[in-house]
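A quick write-up on the structure given underneath.
Each value in this text was obtained by applying a stated rule to the coordinates, not by laboratory testing. Remember, it's a predicted structure, so these values are computed and weren't measured experimentally. Every residue, glycine as well, gets a Cβ built from its backbone with ideal geometry; the counts of neighbours run over all protein chains shown.
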Amino acid sequence: MPNKIEMNNLSQVYYVRSGESSKKSAFYALKDFTLSVRDGEFVVVVGPSGCGKSTLLGILSGLFKANSGSIAIDGETVEGPALDRGFVMQSYALFPWRTIRKNIEFGLEIKKIPRKERGAISGAYIDLVGLNGFENRYPHELSGGMKQRVAIARALAYDPKVLLMDEPFAAVDAQTREKLQDELIRIWKKTNKTIIFVTHNIEEAVALADRVVVMTENPGTIKEIVPIDLPRPRVSVGTGVSERYSIFVNKIWGLLHNEEESFESAKL
Amino acid sequence: MKKFSSMAVIAAFFLIWEAAARLNLIDTQFIPAFSVVMREVFSLARSGALFVHISASVIRLFLGIILAVAAALPLGFMLAGWTPRTADFLNPLFTNLSMANPFTLIPVFILVLGMGEVSKVGIIFWVVLWPALFSTIAGVSQIDPEMIKAARAMGASGTKIFLSVILPGSVKRIFTGVKSSVTFGFTVLVGAEMIGAKAGLGFIIFTSNQNYNIPRLYVGILTIAVVGVAVSLFIERLQKLIVVWEESAGPAARETR
């Protein structure tokens, strides 16, 4: 099967003033970033803040253009934002003047889907994220976790090929986060979307991913790709955490902290 | 309950007024009894003169508001959207212009625009224009950029972003700016009508004073108060009709489900 997404040699440089010298130095948010993602794969990108993982999503969404390199989805080069990608942000970014239903229908309006069909589609996605009974509420009436479910439904409603998620669960409490992770896996299995998920939370990465892409900072590049072959459903907290889960977490922790030995000895 | 008690306070005020006049506690030459004033209200209403004056003022007011908003919105959106730096640069000027006491400008408006409608509508236009302009700029600049990002990521066109994000995102702030200036605009209008006009609520005050028709003077005072309250209630209603959502972006409530 051909790959869903091909990222080829993506580079993004910013010139920043460093220290007291007036000379600007190059900051490589991304450097020669190359990654192929299979159809229906769940890829999680982890890295320290400033490693370019959000830049990567920005470029994937088409909101920014990379200095060099290219992206293709299903063989078609990405030129700008389009409805073949859904974008979920940490801050939800719901429209406060729209009801939940109307928020979810935003992309459908852009897609020029007739009003009648919009209602049926938004209804199905409200159902998918478990927000039945809330369709006519406004965002301010919802909790953080519920808002993020709306944002996910909004990004899925227009049926994109790829779902891009930028630290979507970073603003909710631990309990809600865990629940949302389970929900996301359920939704992913049901919709078979290809997901690129960015986080700085290692436990979250291991709980969700088929593969974890570990990035380094300046230059923002891939340090290692760790396939997570743990069976699902995975338990990420509490007493149910398996030994192998912890080994993956430790390995990625080690990669991020440059402690080569700690995972050499872990023997996966 | 609150409504009832506030009505009761107002009724009590009129009762005390009436009683004070009847008991000769006040000089009825200067403050006629409430019943005398009301009789004058009915006679002016029966002749239709009262409504001529009310509608003259209200039409001026709303014409001025509509023109000011129609000028301020496009200008504000253009300044804030295309040249935010110019908007920042000009904002102190707008603030200063809105601070200029419009009462002092009434003679200027009458000098330049004449005694007729244009000068009255013009003064309302002036009073509403500046707050409407800078609340539009403020409204646009306080829109969460993440919302615009979300819309852009879905491939929304510029028109779609303007109509579905910028416009609804700033309308609440614009309303707040316009609402406060409308009540003030009405006050200034009455002042302008007292200095020079052929009809209007301020004109009632002016002519009653000139003709020493004291009951009619009080008719003017009461009518201006009632119309003022009605106008601000109307704007309030209009806002509630348009802005049905809450914008508090406070910390997200905990998951309860």
Exactly one of these conditions fails for A:LYS161: (1) surrounded by fewer than 20 Cβ atoms within 10 Å (Cβ to Cβ); (2) among the basic types (Lys, Arg); (3) in contact with a helix residue (DSSP H, G or I) (Cβ under 9 Å, 6 or more places away or on another chain); (4) within 14 Å of chain B (Cβ to nearest Cβ). Give me its number.
(3)
Within the group B:LYS172, B:LYS179, which residue is over 30 Å from A:ILE104 (Cβ atoms), basic (Lys, Arg) and either within 16 Å of the chain's Cα centre (by Cα) or surrounded by 18 or more Cβ atoms within 10 Å (Cβ to Cβ) (or both)?
B:LYS179
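Looking only at the stretch A:99-113, count how many residues are in a loop (DSSP other than H, G, I, E, B) and more than 10 Å from chain B (Cβ to nearest Cβ).
Of all residues in the stretch A:99-113, those in a loop (DSSP other than H, G, I, E, B) come to A:99, A:105, A:111-113.
Okay, now just the ones that are also more than 10 Å from chain B (Cβ to nearest Cβ), so A:105, A:112-113.
Of the residues in the stretch A:99-113, 3 are in a loop (DSSP other than H, G, I, E, B) and more than 10 Å from chain B (Cβ to nearest Cβ).
Filter the stretch A:17-65 down to residues that are in a helix (DSSP H, G or I) and either of a type outside the set (Ser, Thr, Tyr) or without any contact (Cβ under 8 Å) to a residue 12 or more places away in the chain (or both), then give me how many there are.
In the first step, residues of the stretch A:17-65 are kept if they are in a helix (DSSP H, G or I); the result is A:53-61.
Keeping just the survivors that are either of a type outside the set (Ser, Thr, Tyr) or without any contact (Cβ under 8 Å) to a residue 12 or more places away in the chain (or both) gives A:53, A:56-60.
Number satisfying all stated conditions: 6.
Taking the condition of being crowded, with 18+ Cβ neighbours inside 10 Å and either in contact with a Lys or Arg (Cβ under 6 Å, 6 or more places away or on another chain) or not in a helix (DSSP H, G or I) (or both), how many residues in the stretch A:114-129 meet it? Don't jump to the end; show me each part of the working.
Here is the first cut: in the stretch A:114-129, the residues crowded, with 18+ Cβ neighbours inside 10 Å are A:118, A:121-122, A:125-126, A:128-129.
When the remaining residues are screened for being either in contact with a Lys or Arg (Cβ under 6 Å, 6 or more places away or on another chain) or not in a helix (DSSP H, G or I) (or both), the result is A:122, A:129.
Of the residues in that region, 2 qualify.
In the stretch A:165-175, what residues are at the interface with chain B (Cβ under 8 Å from one of its Cβ atoms) and buried (at least 22 other Cβ atoms within 10 Å of the Cβ)?
Answer for the stretch A:165-175, where residues must be at the interface with chain B (Cβ under 8 Å from one of its Cβ atoms) and buried (at least 22 other Cβ atoms within 10 Å of the Cβ): just A:VAL172.
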Please enumerate the residues belonging to the stretch A:47-69 that are surrounded by 13 or more Cβ atoms within 10 Å (Cβ to Cβ), under 19 Å from the mean Cα position of the chain (by Cα) and hydroxyl-bearing (Ser, Thr, Tyr).
A:SER54, A:THR55, A:SER61
Give B:LEU44, B:LEU90 a once-over and let me know the one that is touching a Lys or Arg at 6+ places or on another chain (Cβ under 9 Å) and not hydroxyl-bearing (Ser, Thr, Tyr).
B:LEU44
Of everything in the stretch A:66-98, what is under 17 Å from A:ILE196 (Cβ atoms), in a loop (DSSP other than H, G, I, E, B) and within 14 Å of chain B (Cβ to nearest Cβ)? Give them in sequence order.
A:VAL78, A:PRO81, A:ALA82, A:LEU83, A:ASP84, A:GLN90
(1) in a helix (DSSP H, G or I); (2) aromatic (Phe, Trp, Tyr); (3) farther than 27 Å from A:ALA205 by Cβ all hold for A:PHE134 apart from (1)
Criterion: basic (Lys, Arg) and without any contact (Cβ under 8 Å) to a residue 60 or more places away in the chain - qualifying residue of A:ARG149, A:ARG154
A:ARG149
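Of the residues A:ILE195, A:ILE187, A:ILE222, only one is within 17 Å of the chain's Cα centre (by Cα), farther than 21 Å from A:PRO168 by Cα and of a type outside the set (S, T, N, Q); which?
Details: A:ILE195 fails: farther than 21 Å from A:PRO168 by Cα; A:ILE187 fails: farther than 21 Å from A:PRO168 by Cα.
Of the residues listed, the single one that is within 17 Å of the chain's Cα centre (by Cα), farther than 21 Å from A:PRO168 by Cα and of a type outside the set (S, T, N, Q) is A:ILE222.
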Can you list residue pairs whose Cβ atoms sit under 6 Å apart, with the first residue in the stretch B:115-139 being under 16 Å from B:THR187 (Cβ atoms) and the second being among the β-branched types (Val, Ile, Thr)? Count only pairs 6 or more apart in sequence or on different chains.
B:ILE123/B:VAL188; B:VAL127/B:VAL188; B:VAL128/B:ILE65
Name, by its number, the condition in (1) crowded, with 16+ Cβ neighbours inside 10 Å; (2) assigned to a helix (DSSP H, G or I); (3) within 14 Å of another protein chain (Cβ to nearest Cβ); (4) not β-branched (Val, Ile, Thr) that does not hold for B:LEU217.
(3)
